[in-house]
Amino acid sequence: MKACVKENSKNCTCTYPGCPRKGVCCECIAYHRKMNQLPGCFFPPEVEKTYDRSIKAFIKAYS
């Protein structure tokens, strides 16, 4: 598992400092789904930096 997390972390676009789920995609997706959100990697960089992970922000970013 550690090798997978290390590899995933290289491509993780989350900019949230100290995120405990960085590189652990399954935990990240489960967490954000529970919060009725999408993970930061679904957003363009300028939107991801706002930490607004709402579905509304996702739709607005891609409309």
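How many residues does region 11-63 hold that are of a type in the set (Gly, Ala, Ser) and within 23 Å of Met1 (Cα to Cα)?
Residues that pass the stated criteria total 4.
Failed condition for Ala3, given (1) at pLDDT below 95; (2) surrounded by 10 or more Cβ atoms within 10 Å (Cβ to Cβ); (3) on the phi < 0 side of the Ramachandran plot, with all others met?
Only one criterion in (1) at pLDDT below 95; (2) surrounded by 10 or more Cβ atoms within 10 Å (Cβ to Cβ); (3) on the phi < 0 side of the Ramachandran plot is unmet by Ala3, namely (2).
Just need a number here: residues in region 27-39 that are surrounded by 15 or more Cβ atoms within 10 Å (Cβ to Cβ) and either touching a His at 6+ places or on another chain (Cβ under 6 Å) or not in a helix (DSSP H, G or I) (or both).
Adding up the residues that qualify gives 3.
Mind counting the residues in region 40-63 that are assigned to a loop (DSSP other than H, G, I, E, B) and in contact with a strand residue (DSSP E or B) (Cβ under 7 Å, 6 or more places away or on another chain)?
Counting residues in region 40-63 that are assigned to a loop (DSSP other than H, G, I, E, B) and in contact with a strand residue (DSSP E or B) (Cβ under 7 Å, 6 or more places away or on another chain) gives 1.
Name the single residue, out of those in region 1-52 being among the aliphatic types (A, V, I, L, M) and without any contact (Cβ under 8 Å) to a residue 12 or more places away in the chain, that is nearest to Ser63 (Cα to Cα).
If we take residues in region 1-52 being among the aliphatic types (A, V, I, L, M) and without any contact (Cβ under 8 Å) to a residue 12 or more places away in the chain, then Ile29 is nearest to Ser63 (Cα to Cα).
Filter region 8-19 down to residues that are over 18 Å from Asp52 (Cα atoms) and exposed (fewer than 11 other Cβ atoms within 10 Å of the Cβ), then give me how many there are. Working first, answer last.
Taking region 8-19 as the starting set, the residues that turn out to be over 18 Å from Asp52 (Cα atoms) are 8-11.
Next cut, exposed (fewer than 11 other Cβ atoms within 10 Å of the Cβ) only: 10-11.
Count: 2.
Out of all the residues in region 53-63, which are of a type in the set (A, V, I, L, M, F, W, C) and either surrounded by 15 or more Cβ atoms within 10 Å (Cβ to Cβ) or in contact (Cβ under 8 Å) with a residue 24 or more places away in the chain (or both)?
Here is the first cut: in region 53-63, the residues of a type in the set (A, V, I, L, M, F, W, C) are 55, 57-59, 61.
Listed by number, the residues that qualify are Ala57, Phe58, Ala61.
The values are calculated or read from the model by the stated rules, or taken from the named source; none is laboratory data. Please read these numbers as outputs of a predicted model, since none were measured by experiment. Neighbour counts run over all protein chains shown; Cβ positions are idealised from the backbone, glycine included.
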